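One structure below.
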Amino acid sequence: MCGIMGYIGNQEAWGIVVGGLRRLEYRGYDSAGVVTVSGKALRLARSVGHLRALEDANPEGLPGNIGIGHTSWATHGGVTEANCHPHLDSKSRIAIVHNGIIDNVEALRAELVAKGTQFRSETDTEVLAELIGRGVEAGLSLRDSVVAALKRIEGTAGIVAVDRLDPERLVAARIGSPVVVGLGEGACWVASDALALRPYTDRMIVLDDSEIAELTPNSIKTVDLEQRSREKRVEKILHQPEDADIGQFAHFMLKEIHEQPVALDRTLRGRLDASIGNARLGGFQTQEQRLFDIRRVVFFACGTSLYSAQVGAYLMSRYARMPATAEDAAELSVQNPIVDRQTLYVAISQSGETADTLVALREIRSRGGLIAGITNVVGSSLSRETDFGMYVHAGPEISVCSTKAFTAQALGTELLALRFARMRDLSANDGRLWVEALERLPQQVRLMLEHASACRELAERFCNARFTMFVGRGPNVAVAGEGALKLKEIAYLPAEGLSGAGMKHGPLALIEPGSPVWALVPPDETRERMIGNLRELKARGAFIMAVAQSDDSEVAQIADHMVPLPPHHPAVSPILNVIPLQLYAYYVALAKGYDIDKPRNLAKSVTVT
Ligand code: G6P
């Protein structure tokens, strides 16, 4: 949820570090800071607010060929300059940037205060900086001091450290929080996400947990916490430099909404076999025998990913006739989960770094559960810690509010459900119909995007509504929830997404004449009941915006506005239905003039529990 960028080489570090932070700013934008070393002095610039504020306050930048920077989402203490990274030790000799949380910080702080340290901030990072600073003052090398300090902490830490008296090296370490190192000629970069490295290099190494890397412009040495040398594989960075560019769009969210046909196409690529009506999933093949005995599937995730998990659970029960649930990962981990050999656990996370999801995953793994992962980020913690899995390949998602990852992940669960359905009782013929529907899906999403201007008009009309309701049934209960979440996240409007049945048991009381309601009414087994719900809403004066098949004259008659769905297989309806809801939320936020890609109080990836 915070971004880290570091550089060592023979160019000026400031522009490179700030450039990297800009590509990571979506991960946290409460404050930003950079430290460089010049003439054996630390040069520090920090500021509250967006990265832009830091640049405006330092138009000349800072001198030096070595630098580290951070863009953050506050977890400890208020958003003040004193709490911004980088943090220095009390002698102002070393500086560090840190992602993560130190759980035993209070004990360490008390110990250091007793030894005379006066802290300048309320952060756990300054405590870590002081531990490292005391080590180098006592004569340890920076690397040895980082190792010694990391052995004393409990919690998570992705860090980069620099010593002003030894400005020939950076030391980076990963305890839980991701750290990647970019390799170049006479230069190294270090970041919390490969996206920041891509403009500079396409070669990287990914630190594994409990690894420390010492970087000079021409060398990298990686060790573990026992200082044993570690061999690292050089990996290719798959992103294209332009993946994180906004292009012709006003916001990343709009760009990502419009990228969905291409993203879905990438999720499907090579994974459909029309001849046998089945999905081809590489990871599956490695576990085929165990999967045959699976009798229950438990999806778990947070936020938008949880809604894609709900879609998956529905499809799994409906088409594979497999008991399946979608659990909030944060709750699952504290519930003493029941883990057995006949259950497949499926962790879903766009970033692959959400702490609550990883904690649940580790708990299930420690009990011997079989875990599959669905994620967008190659090399993420989730991808490394699951038994097998699927990358959705939606491309980098920059807007905090998730859109293309939702549809790509829902599609990923769909492939999984198809695979299980074909292992169980779905016929080859029905499998082929489903595969054909999936093949048509990217193009059908493109058609749904053509309704952007109608969604915009509706958004402008209802942008000041006191409350907005989203209703659906079957797999579209999850889509209703996701539609409401979008509106809350970026337009700060009270909204609720629920089933048409649940609506009658309380929330209907919120409807007054003119209340906007989005209703998802695809032509499947839920349609009749949804029509009943529409009539109930209409009787209370709701303004109904329905998503329904283009020739559904009954819905057209009841609804005040209809967004038409193309004829489709019922299994893909969640992915089509969500498109107008994404567009609506975007245009409401636009009409209200909000910072759409960086909504208040939120972060792209929440790496604390
Ligand atoms: C944060 C983001 C959400 C996201 C959730 C889960 O809350 O603001 O947009 O859905 O984390 O993230 P993940 O990376 O695990 O999908």
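Some notes on this structure:
- Computed FRET value (nearest 0.05) for T216 with A539, which takes r as the C-beta separation and R₀ as 56 Å: 0.15
- Peptides 159-166, 205-212, ordered by how many other C-beta atoms sit within 10 Å of their residues on average, highest first, read 159-166, 205-212.
- Per-q log10 I(q)/I(0), segment 15-74, q = 0.29 Å⁻¹ (Debye; single scatterer per alpha-carbon; no solvent): -1.24
- Set of aspartates and glutamates near K40 by C-alpha distance (under 12 Å), chain-local residues within fewer than 8 positions excluded: D163, D166, E168
- Degrees, to the nearest 10: 428-449 long Cα axis against longest axis of the chain: 70 degrees
- Spread of Cα-to-Cα distances over 5 Å intervals beginning at zero, given as percent, for segment 3-244: 1, 7, 15, 21, 22, 18, 10, 4, 1, 0, 0
- Using a Förster distance of 60 Å, the FRET efficiency for R424-E122 (Cβ separation, nearest 0.05): 0.65
- The overall shape of segment 247-448, judged from the alpha-carbon gyration tensor, is oblate: a/c is not under 1.5, and a/b is no greater than b/c.
- Share of pairwise Cα separations in the chain, more than 35 Å, in percent: 42 percent
- Peptides 144-157, 43-56 ordered by packing proxy, namely the average of other Cβ atoms within 10 Å per residue, highest first: 144-157, 43-56.
- Label zone at A53 (point 7 Å along Cα-to-Cβ), backbone N below 14 Å, segment 583-609: 600-601
- Taking 0.36 nm per residue of separation and subtracting the Cα-Cα distance, full extension of the segment from V79 to R233 would add 51.6 nm.
- Residues I94, I257 arranged by fewest to most Cβ contacts within 10 Å: I257, I94
- Each distinct pair of alpha carbons in segment 295-396 adds a 1/r term; the inverse of their mean, the Kirkwood radius, is 13.2 Å.
- Added length on full extension, which subtracts the Cα-Cα distance from 0.36 nm per residue, A591 to V113: 167.0 nm
- If you wrap the Cα atoms of segment 450-609 in a convex hull and average its projected area over all directions, you get 9.8 nm².
- Against the chain, whose longest principal axis comes from its Cα atoms, helix 142-152 is set at around 60 degrees.
- Only helical runs count toward this figure. For the chain, summing -39,500 (n - 2.57) over DSSP H runs of n ≥ 4 and dividing by all residues gives -11500 deg cm²/dmol at 222 nm.
- Residues of type lysines that K151 reaches as a straight line, Cα spacing below 27 Å, ignoring anything fewer than 8 places off in the same chain: K91, K115, K221, K232
- The orientation-averaged projection of the convex hull spanning the C-alpha atoms of segment 128-236 amounts to 6.5 square nanometres.
- Whole-Å semi-axes of the ellipsoid equivalent to segment 265-332 (Cα gyration tensor, √5λ, descending): 23, 16, 12
- Among 280-291, 531-542, the order from most to least packed when residues are scored by Cβ within 10 Å on average: 531-542, 280-291
- Inter-centroid distance (Cα atoms) of segment 156-214 relative to segment 1-38, Å: 12 Å
- A simple rule links phi to the HN-Hα coupling: the Karplus curve 6.51 cos²θ - 1.76 cosθ + 1.60 with θ = phi - 60°, which for segment 303-308 gives x, 4, 4, 5, 5, 5 Hz, with x for Gly and Pro.
- Global geometry of segment 1-137, whether rounded, prolate or oblate, following the gyration tensor of its Cα atoms and the 1.5 cut on a/c: oblate
- Between segment 522-563 and segment 293-311, the Cα center-to-center distance that results, in Å: 29 Å
- Annotation: extensible slack from R269 through D340 equals 22.3 nm (criterion: 0.36 nm per residue apart, minus Cα-Cα distance).
- Straight Cα distances below 30 angstrom link K255 to the lysines K236, K404, K486, K488, K592, K598, K604, with same-chain residues fewer than 8 positions distant left out.
None of the figures in this text is laboratory data; all of them are computed from the coordinates on show. Given the structure is predicted, the values throughout are model-derived calculations rather than measurements. Neighbour counts are summed over all protein chains in view; Cβ atoms, including those assigned to glycine, are modelled from backbone coordinates with ideal geometry.
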